[in-house]
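Okay, so here's the structure we're looking at.
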Amino acid sequence: MATKGKVTGIIANLVIVEADGPVSQNEICYINLKGTDLMAEVIKIMGVKAYTQVFESTRGLKIGADVKFMGHMLEVTLGPGILSRNYDGLQNDLDKMKGVFLKRGEYTEAIDPEAEWDFTPIAKAGDKVEAGSWLGEVTEGWMPHKIMVPFKFSGNYTVKSVNSKGKYKSKDKIAVLTDEKGKDVEVTMMQKWPVKVPIKAYKEKPRPFKIMETGVRTMDTLNPLAEGGTGFIPGPFGCGKTVLQHAVSQQAEADMIIVTACGERANEVVEIFTEFPELEDPRTGRKLMERTTIICNTSNMPVAAREASVYTGMTIAEYYRAMGLKVLLLADSTSRWAQALREMSNRMEELPGPDAFPMDLPAIISNFYSRAGFVYLNNGQTGSITFLGTVSPAGGNLKEPVTESTKKAARCFYALNQDRADSKRYPAIDPIDSYSKYLEYPEIQEYLKKNISENWVEMVSLSKDILLRGREASEQINILGDDGVPIEYHERFWKAEVLDFVILQQDAFDNIDKSTPFERQEYMLERVLEIYHTKFDFKSFEEVNPFFKAIINLFKQMNYAEYKSEKFDGYLKQINEKINERKAV
Amino acid sequence: METSAFQKIYTKITQVTKATCSLKAEGIGYEEIARVNGRLAQVVKIQGDTVTLQIFSGTEGIPTNAEVVFMGKAPTIKVSDELAGRFFNAYGDPIDGGPAVEGKEVEIGGPSVNPVRRKQPSELIPTGIAGIDLNNTLVTGQKIPFFADPDQPFNQVMAMVALRAKADKIILGGMGLSNDDYLFFKNIFDNAGALDRIISFINTTENPPVERLLVPDMALTAAEYFAHEKHEKVLVLLTDMTLYADALSIVSNRMDQIPSKDSMPGSLYSDLAKIYEKAVQFPEGGSITIIAVTTLSGGDITHAIPDNTGYITEGQLFLRRDTDIGKVIVDPFRSLSRLKQLVIGKQTRKDHPQVMNAGIRLFADAANAKTKLENGFDLNDYDERTLKFAKDYSRELLAIDINIDIDSMLDTGWRLFAEHFTKAELGIKDELVEKYWPKN
Ligand SMILES: Nc1ncnc2c1ncn2[C@@H]1O[C@H](COP(=O)(O)OP(=O)(O)OP(=O)(O)O)[C@@H](O)[C@H]1O
Ligand SMILES: [Mg+2]
């Protein structure tokens, strides 16, 4: 018999329930408020008292209210029909909700049970299968969507039958499997999975060895993100985290993108709702929305569901990875998730860690990041989840618990710099503080050599040196004055500026400049390094600044022009003329 | 709010702290309001049969036998067209001598708009102030605060923006407003003949601080009525949100919550977001735009209040005195309107984004030159020119006393560029330079 309970205490969304039977940690329960069931999750148990966090406002809730426990943890529904949906943090379909305002206790189905799918079998009777094995395939929008043995199935099964080609609904029986004891079990196209438990239906998780192209030059060229890799973008407010993530979500080379808006602004999600159905994916020519799913718990939506939203996103990503797809998961901002944890921990009067965050914050964050990755599935196919999160450090100070914990978990660090943002050097990623650990992986270096060019890795590390030396030169000039340093310092500084303006800076709002494929990135970096290797002849430091300014201006025009168009080549010609005028002989 | 016959009166308070009192009571709803010896209070915690009430005007003089009456509902306001032109206190009671407002009674601090039912903001709000329209363009449905030290004229600028904004309703939420500022708003709206469009919820420095906590929700619930039900363009002014946050910290500290940064409650982000996220553009044309004031202490934007605000709002307008021209300007570095890209170059001239960026970049170069000068170095020719440019730019475009249309702002920009720089020094797209670079 299901456990029931009564409310005995209410402090904001922390509700204490006296239970009449067994209760488990993270179990879901429903609290009855004047006929409306409010969903809640058990977060602590003391004797018969279950401390629950309610995913809704508790206004009007009274002592003695009835509670029923559900016997399972917070789950998402997995099946065809997730693609292109707009969900809230608990996977309610926002478009199916009635009314302009969110009504508490209104839960909608994540997957339309009436939708029919064209099913083609993959497995056949007699096949040996296990959790995650592909039984068949439907076409979801334009994407092949595998119907798998439910992840909750443990052990080995034999396929008894698989439906023939035809139209089925998600709750229809699609296959019958026989378990090791000879018992038959039916499988549908739909399954449930608890969000806080990783889906492990794969054989092996190697180190990432491929690059995920994002079209953002300062990332791809200087500090590339690996496919199946992890990265994070910390930065003070207004420095460009969201704009950068949106750029990546539009351009990245992924089959599917899951955008998790976690405790941020509603208007930013509305921007995606509005633009993605219009914008084209440059690789497939399809609308961006056709490869995107949005999980949205904006800052004014219930705090506990905010914490759930990142797990909901990750679980859906794992489901699609198990189909052999390249999934990119974005979360903005993971700090809001950490703050949601802090709010609950404070209400439960737990012993606080640094900045009043829960003590186990670092472990929670690293467990989450570890769910990303490139995998070999049991059938030999590959799939990946690349995860890129943002962090919003209090006061813009990177020495705070969320940034520090994330730094330990993520392999790429894209630090946004306030000064760069103030002087509109977007994207404001600090080229010197930021890093990609993947660049050190021999397998990644090999990949870059093979896929971009033989000496690409050297070019990248030279670029970093140029930037560093440019910064040093600028510091010297500031200390000693323009005429207190050799002219060469000015040259060094300006050569770094060329790299900064031409490669690092990128206009996210210009149709051409906003996305640069690797081929063009390589071409541009070569041109910039040519300038670097050229010896110039300047009579005084006053000649240096106007010369490079003009060069930069021409390069910028090139960035705004169609690649290898007449205009593009024209600017290059002008650049070469200018260089020849000044070249030392 | 009278007591009806069936309401039970409790007279046994078991605990009194600076902001709260507790008593044994049954059948009480969370966040329900009550009267404690006539003072308004709200349920903040229920544990077993013990109910804790936060008393908005403070607990001074509350005896253990005070009369406590529960009202069976959360705080409410009556909304109707009768609100227009009226002045209320934080509880929504009239303070202008007029009659109580009749209308539909709604709970304040109600639910959020479903994000998929919102429309992307797209209507530009012209203010005539170039520091805003040129560099930090505002859009209906936006939420944006002024960041300013207490000695800056933020209330004046805000009133000016409000009056020029062509809103159907302006709702003023005053929190810890000095009486002088309250009268200033009253006068300026009156003189502009706008009083019938204005609705005010005022908590002055003379009122207890905790009462302020009701003001934003009152103002925004009224705003939702006009924007959602009447499809009107509503502008909500909230001043000063720093004093609102201070009141939050008073309450949470008195309830023994563990403070996070700057002794603010750990929930500050969520608390502020709930208010600011009420800004919305409805598809039917109604909108709520929030312009707020967050006063800073010594220009410090890393303090928890401006910091959390910045993470929530869609930009900020930073006021500071420019000593070179002796005027208050909208600082182009620290200010930002994140919704500007939805309108600039689209509803304004095509050169807008690039003129904006070039101007700010050159102004930044001037700031570097100034640092150089202060460090005792010689300036080169380019430095000299940026300094001259910066002064003109500040005087003719950044100062808050500018009142011109956006095309004139752009023309002024080009004129200043041409006066001080060469085309190549701008880094603007060629086709735009060809078109707009002054001919003579
Ligand atoms: N690449 C870019 N090109 C042009 N403008 C940019 C770019 N990146 C950021 N900006 C400008 O900076 C503003 C703020 O960027 P964004 O919203 O991404 O900041 P954020 O770091 O996400 O801030 P928050 O933490 O408050 O959410 C944008 O609205 C835009 O005006
Ligand atoms: Mg952001």
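Put simply, of A:67, A:54, A:42 the only residue that is of a type in the set (A, V, I, L, M) and surrounded by fewer than 22 Cβ atoms within 10 Å (Cβ to Cβ) is A:42.
This table checks each residue for (1) in contact (Cβ under 8 Å) with a residue 40 or more places away in the chain; (2) within 19 Å of the chain's Cα centre (by Cα); (3) open to solvent by 10 Å² or more (accessible area, probe 1.4 Å).
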| position | (1), (2), (3) |
| --- | --- |
| A:317 | yes, yes, no |
| A:325 | yes, yes, yes |
| A:328 | yes, yes, no |
| A:331 | yes, yes, no |
| A:334 | yes, yes, no |
| A:338 | yes, yes, no |
| A:342 | no, no, yes |
| A:346 | no, no, yes |
| A:352 | no, no, yes |
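Does residue A:241 satisfy the condition of being within 16 Å of ligand 2 (Cβ to nearest atom) and out of contact with any helix residue (DSSP H, G or I) (no Cβ under 9 Å at 6 or more places or on another chain)? The answer is yes for residue A:241. In the set B:316, B:341, B:354, only one residue is within 16 Å of ligand 2 (Cβ to nearest atom) and assigned to a helix (DSSP H, G or I); that residue is B:341.
Among the residues of the stretch A:433-456, is there at least one that is in contact with a Leu (Cβ under 8 Å, 6 or more places away or on another chain) and at pLDDT below 95?
Filtering the stretch A:433-456 down to residues in contact with a Leu (Cβ under 8 Å, 6 or more places away or on another chain) leaves A:434, A:436, A:438, A:445, A:456.
Those left that are additionally at pLDDT below 95: none.
No, because not a single residue in the stretch A:433-456 is in contact with a Leu (Cβ under 8 Å, 6 or more places away or on another chain) and at pLDDT below 95.
Please verify whether residue A:409 is open to solvent by less than 10 Å² (accessible area, probe 1.4 Å), of a type outside the set (D, E, K, R) and either away from ligand 1 (no atom under 12 Å from the Cβ) or within 30 Å of residue B:366 (Cα to Cα) (or both), treating the condition exactly as stated. So that I can check it myself, show each step before the final result.
Working: open to solvent by less than 10 Å² (accessible area, probe 1.4 Å): no; of a type outside the set (D, E, K, R): yes; either away from ligand 1 (no atom under 12 Å from the Cβ) or within 30 Å of residue B:366 (Cα to Cα) (or both): yes.
Spelling it out, it is not the case that residue A:409 is open to solvent by less than 10 Å² (accessible area, probe 1.4 Å), of a type outside the set (D, E, K, R) and either away from ligand 1 (no atom under 12 Å from the Cβ) or within 30 Å of residue B:366 (Cα to Cα) (or both).
Can you tell me which residue in the stretch A:384-402 is nearest to residue B:334 (Cα to Cα), limited to those that are within 16 Å of ligand 1 (Cβ to nearest atom) and more than 14 Å from chain B (Cβ to nearest Cβ)? Before the answer, list the steps.
Within the stretch A:384-402, the subset within 16 Å of ligand 1 (Cβ to nearest atom) is A:388-398, A:400, A:402.
Now drop any that are not more than 14 Å from chain B (Cβ to nearest Cβ), which leaves A:388-389.
Numbers: A:388: 27, A:389: 25 Å.
Per the criteria, the residue is A:389.
Scan the stretch A:255-274 for residues that are more than 16 Å from residue A:331 (Cα to Cα) and more than 8 Å from every other protein chain (Cβ to nearest Cβ) and the total you get is 1. Within the stretch A:5-38, the only residue that satisfies the criterion of being within 24 Å of residue A:195 (Cβ to Cβ), among the small types (Gly, Ala, Ser) and within 14 Å of another protein chain (Cβ to nearest Cβ) is A:12. Against the criterion of being outside any helix (DSSP H, G or I), acidic (Asp, Glu) and within 30 Å of residue A:394 (Cβ to Cβ), residue A:264 qualifies.
Checked against the criterion of being open to solvent by less than 50 Å² (accessible area, probe 1.4 Å), touching a helix residue (DSSP H, G or I) at 6+ places or on another chain (Cβ under 6 Å) and not in a strand (DSSP E or B), the stretch B:21-41 contains not a single residue that satisfies it. With the requirement that a residue be surrounded by fewer than 16 Cβ atoms within 10 Å (Cβ to Cβ) and more than 14 Å from every other protein chain (Cβ to nearest Cβ), what does the stretch A:540-576 give you? Those that are surrounded by fewer than 16 Cβ atoms within 10 Å (Cβ to Cβ) and more than 14 Å from every other protein chain (Cβ to nearest Cβ): A:563, A:564, A:569, A:573, A:576. Among the conditions (1) within 11 Å of chain A (Cβ to nearest Cβ); (2) closer than 22 Å to residue B:164 by Cβ; (3) open to solvent by less than 40 Å² (accessible area, probe 1.4 Å); (4) not in a helix (DSSP H, G or I), residue B:427 misses just one, which is (2). Does residue A:356 fit the bill of being among the aliphatic types (A, V, I, L, M) and modelled with pLDDT of 95 or more? Judged against the criteria, residue A:356 is not a match. Across the stretch A:222-235, the qualifying residues are those that are more than 7 Å from ligand 1 (Cβ to nearest atom) and not in a strand (DSSP E or B), and the one among them that is surrounded by the fewest Cβ atoms within 10 Å (Cβ to Cβ) is A:223. Test residue A:416 against the stated conditions and say whether it is among the hydrophobic types (A, V, I, L, M, F, W, C) and away from ligand 2 (no atom under 16 Å from the Cβ). No. Just so you know, in the stretch B:118-134 the residues that are touching a Leu at 6+ places or on another chain (Cβ under 8 Å) and assigned to a loop (DSSP other than H, G, I, E, B) include one that is surrounded by the fewest Cβ atoms within 10 Å (Cβ to Cβ), and it is B:122.
Looking only at the stretch B:56-79, how many residues end up being open to solvent by less than 30 Å² (accessible area, probe 1.4 Å) and more than 20 Å from residue A:62 (Cα to Cα)? Of the residues in that region, 7 qualify. The conditions are (1) buried (at least 21 other Cβ atoms within 10 Å of the Cβ); (2) more than 15 Å from ligand 1 (Cβ to nearest atom); (3) within 24 Å of the chain's Cα centre (by Cα), and residue B:318 fails exactly one of them. Which is it? The one condition residue B:318 does not meet is (2). When the residues of the stretch B:374-390 are filtered to those that are within 11 Å of chain A (Cβ to nearest Cβ) and within 20 Å of residue A:544 (Cα to Cα), the one that is surrounded by the fewest Cβ atoms within 10 Å (Cβ to Cβ) is B:381.
The values are calculated or read from the model by the stated rules, or taken from the named source; none is laboratory data. All values reported here derive from a predicted model rather than from experimental measurement. Note: ideal-geometry Cβ built from the backbone for every residue, glycine included; neighbour counts use all protein chains shown. In case anyone asks, the SASA skips ligands and DNA or RNA and just uses the protein heavy atoms, side chains included. Shrake-Rupley method; radii C 1.70, N 1.55, O 1.52, S 1.80 Å.
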